[in-house]
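Taking it in order: structure first as structure tokens, then the write-up.
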Amino acid sequence: MWFASECSRNNARRRGFSKIEFGVGVGIVGTLIALLIPALQKTREAERRNGCLNNLRQIGLGLHNFENAFNQLPPLYGGVASEKDQASTKFPAIWGSTHVFLVPFMEASDLWNEMATGEPSNCLPSMLGDKNVPYFCCPSDPGIRDSATAGGTSYATNAQVFAPLQNETVQGTGSMYAAPHPNYCDRGARLSELRNGTSNTIGFTHSYSLCGSSTTGTSWAYTGGLNMPPSITPSTQPWSRATLIGQKGMLAPGDKVFQNQPSPYGQPFDGATSSGCDPSLPATPHANAMMVLLMDASVRSVTTSIDYKVWNEGCLPNNDSRPAHGSWEGQP
């Protein structure tokens, strides 16, 4: 009996941990967690980045499929309001942006059918301004991710590709025509007619669905004022984010051509502190680089150190100056 009792006490002592052993164990667990969290964050961001890459590729395929169907690229904006306001004479009843024209080419035919009303039918995307199109939403965009913006898009059209310009050179400041110039929002060109080449021309950039305030950002369902609900404002037009020549003037060496993870994204940009989100600039939610869609449907990654001249030339489809070979970095 004495022997059995002594063994029980020894076993009880063995099952316990001293304070030192417990502290060491907690330290090891804490270290493992500290190492694991960044790895998980990198994995999640890699997944989001891949999702974004796929979205841009699908937009590129949509552009090419549209061109095959209509023998021209989609316009920057459709609709003809009057003889003095003819945004696109070929698409007079589609009151929407390039994004809207791509919807039926991106496995969203039902959504397209919902936008057509009346007889003859008008396409009014504002009716569906609260709906998100998956291929238009980057999973890293905080406005999309936090459900802050319904009907928003994470990708902005380079207006200079889809609308004609008064002067196609860098010296021309990227100025577009205005009404009553016919087709002032519809270049009507084929891909083969972009003189700079499809692999040298930026078609879409990143943008934030919500940027600077609750009424600024990027909405695929922007309708230029025609039956536009309060949730879609003129400050949510889904283009011009790449047109730095026209928006910002001739940039100086060292100026940044896009914002990198602007924060807080829902506050106006404050140049003094370099915080907040500037809706007039492209903005990337990915660390250190922005993915852009080129007109050959390929996706490239550019860093904030990209030379502003290369960027501006890449925004112009018919500028005689072309980016030097290797200016666009490899696949993200």
Exercise. Got a sec to turn the phi values of the range 82-99 into Karplus ³J(HN,Hα) couplings, 6.51 cos²θ - 1.76 cosθ + 1.60 with θ = phi - 60°, whole Hz, x for Gly and Pro?
Worked result: 6, 5, 9, 9, 10, 5, 8, 6, 6, 10, x, 10, 9, 8, x, 8, 3, 4
For this session: In whole Hz, with x marking every Gly and Pro, tabulate ³J(HN,Hα) for the range 155-170 from phi via Karplus 6.51 cos²θ - 1.76 cosθ + 1.60, θ = phi - 60°.
Result: 10, 10, 6, 6, 4, 5, 8, 9, 10, x, 10, 5, 9, 8, 9, 4
Seminar exercise, completed: Karplus ³J(HN,Hα) for the range 110-116 (6.51 cos²θ - 1.76 cosθ + 1.60, θ = phi - 60°; Hz, whole; x = Gly/Pro) runs 4, 5, 4, 5, 5, 7, 8
Seminar exercise, completed: Taking placed amide H atoms and a strict 5 Å upper bound, the residues 5 or more places from ARG187 or on another chain that come that close are LEU76, ALA163
For this session: Please report LEU165, LEU191 as a ranked list, fewest other C-beta atoms within 10 angstrom at the top and most at the bottom.
Result: LEU191, LEU165
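None of the figures in this text is laboratory data; all of them are computed from the coordinates on show. It should be emphasised that the depicted structure is a prediction, and the values quoted were computed from it without experimental measurement. Note that each Cβ is placed from the backbone with ideal geometry, even for glycine, and that neighbours are counted across all protein chains shown.
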